[in-house]
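The values are calculated or read from the model by the stated rules, or taken from the named source; none is laboratory data. A quick note: this is a predicted structure, and the numbers were derived from the prediction, not measured. As a convention, Cβ positions derive from the backbone with ideal geometry for all residues, glycine included, and neighbour counts pool all protein chains shown.
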Amino acid sequence: MPYLKDKLHNFNQMDTERLGSMKKSLMEVGDAEVEIILRLGSPTTELLRIIEEKSISLVVMGSQGRGYIRELNLGSVAQNLSRHSKSSILLIPAVRE
């Protein structure tokens, strides 16, 4: 979205701060290796690139499941990663009310 291009630096800064807080929480819980990577582009494409570049063996991610049959309908990024990734994908379902 060209009209938001001038705000990209601010968005990246806010995201980096939020992810930094999450990273800190994860590292306090256990011996986790956490790296923050921000990229611009298609989420599926960029995640597949990162998985390949970093030789990641396991991806843990949430799935939204917004369809009529929520348990079977994954979000498009989760679905695409589970179909196209060379690594294992562990999907955590969204919290249901």
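Looking at I51 and the list (1) surrounded by 14 or more Cβ atoms within 10 Å (Cβ to Cβ); (2) outside any loop (DSSP other than H, G, I, E, B); (3) modelled with pLDDT under 95, which single condition is not satisfied?
It fails just one condition, (3).
Filtering the stretch 54-81 down to residues that are small (G, A, S) and at pLDDT below 90, which residue is nearest to E33 (Cα to Cα)?
Here is the first cut: in the stretch 54-81, the ones small (G, A, S) are 55, 57, 62-63, 65, 67, 75-76, 78.
With the extra rule that they be at pLDDT below 90, the set shrinks to 62-63, 65, 67, 75-76, 78.
Details: G62: 19, S63: 22, G65: 28, G67: 33, G75: 26, S76: 27, A78: 22 Å.
Residue satisfying both the conditions and the ranking: G62.
Filter the stretch 29-44 down to the residues that are of a type in the set (D, E) and more than 25 Å from Q79 (Cβ to Cβ), then identify the one that is farthest from the chain's Cα centre (by Cα). I'd like the intermediate steps shown before the answer.
Our first condition is that a residue be of a type in the set (D, E); within the stretch 29-44, this holds for 31, 33, 35.
Still in the list and also more than 25 Å from Q79 (Cβ to Cβ): 31, 33.
On the way: D31: 20, E33: 15 Å.
So the residue we want is D31.
Of (1) part of a helix (DSSP H, G or I); (2) surrounded by 11 or more Cβ atoms within 10 Å (Cβ to Cβ); (3) at pLDDT 90 or above, S21 satisfies all except one. Which?
It fails just one condition, (2).
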